[in-house]
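None of the figures in this text is laboratory data; all of them are computed from the coordinates on show. Bear in mind the structure is a predicted one, so any value in this text is a computation, not a measurement. Here Cβ is always computed from backbone atoms with ideal geometry, including for glycine, and neighbour counts include all displayed protein chains.
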Amino acid sequence: DVPWSVGLAFQYLSGTYGDYTSIAALLLDGGRLYLGGYFRTSDGRAGLAAVDAASGQPSSWRAESPAPQVGWLTRLGPAVVAAGVAFDVDTGAQLPWRPRPWGGIAGVAPAPEGAVIVGNFNGIEGEERSNLASIDLDTGAIEPWSVALSQWSIVDRLDTDGTFLFAITREGRFHKIDPATGAVLGSLDFGTDVFLVRHRISDGRIIVAVGHSAAPAE
């Protein structure tokens with residue numbers, strides 16, 4: 001508990017269940033703390049704002065136009081990616097990379113030729129992609145890359161340690177993937193009936209939390 005607070009004033013927005021303001025995502029990068037969520041600030045910043053990480057005071061960085069409701073944020077190359085829209089990290093201008101898979105983007109990770117993102121890409125160009133696709137950062141085009149997972153494996157979460165991709169599928173399997181070839185380098189099965197799987201990369205280790213709706217069989 002330190003004497004620090006965000007120096008932005010928020011206005012309530014009218015939502016389905018009443019008026020509310022929510023912060024759903026945080027990104028600390030380059031001395032800035034980016035805030036994403038469902039809000040509007042008193043100076044007109046909608047869905048995405050940045051403050052100085054040390055002081056909490058509003059940053060001069062400003063997204064070129066109001067962002068959609070932001071549920072996640074990540075830094076990718078020269079951009080801050082917020083809910084599938086890329087903003088230049090220096091100017092706040094929107095960049096042309098704007099892939100729009102059905103259902104939205106659920107995660108993004110760097111890859112040698114651009115970025116691998118998770119969203120509903122199954123069946124695009126006749127390939128079963130397990131929800132993963134490699135995207136060109138300049139054009140948004142889907143690259144000729146696919147992951148060597150079973151067509152029945154649907155990826156829900158994606159992360160990277162800067163060298164490899166780590167994916168978690170709906171059936172509760174955890175995969176280490178080569179971002180250059182899509183090859184699966186290792187897998188771990190957490191069992192069936194998994195309702196929650198989360199992981200975090202820290203100090204070269206993968207920290208994984210798993211929940212079951214019932215006790216797993218021995």
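Structural remarks
- Listed peptides 55-61, 129-135, 153-159 appear in the order 129-135, 153-159, 55-61 once ranked by packing, highest mean of other Cβ atoms within 10 Å at the front.
- Efficiency of FRET from Cβ geometry, Ala9 and Asp178, R₀ 41 Å, rounded to 0.05: 0.30
- Counting 0.36 nm for each residue step from Leu26 to Arg205 and taking away their Cα separation leaves a gain of 62.2 nm.
- Here r is the Cβ-Cβ distance between Glu64 and Arg40 and R0 is 22 Å; the resulting FRET efficiency, rounded to 0.05, is 0.85.
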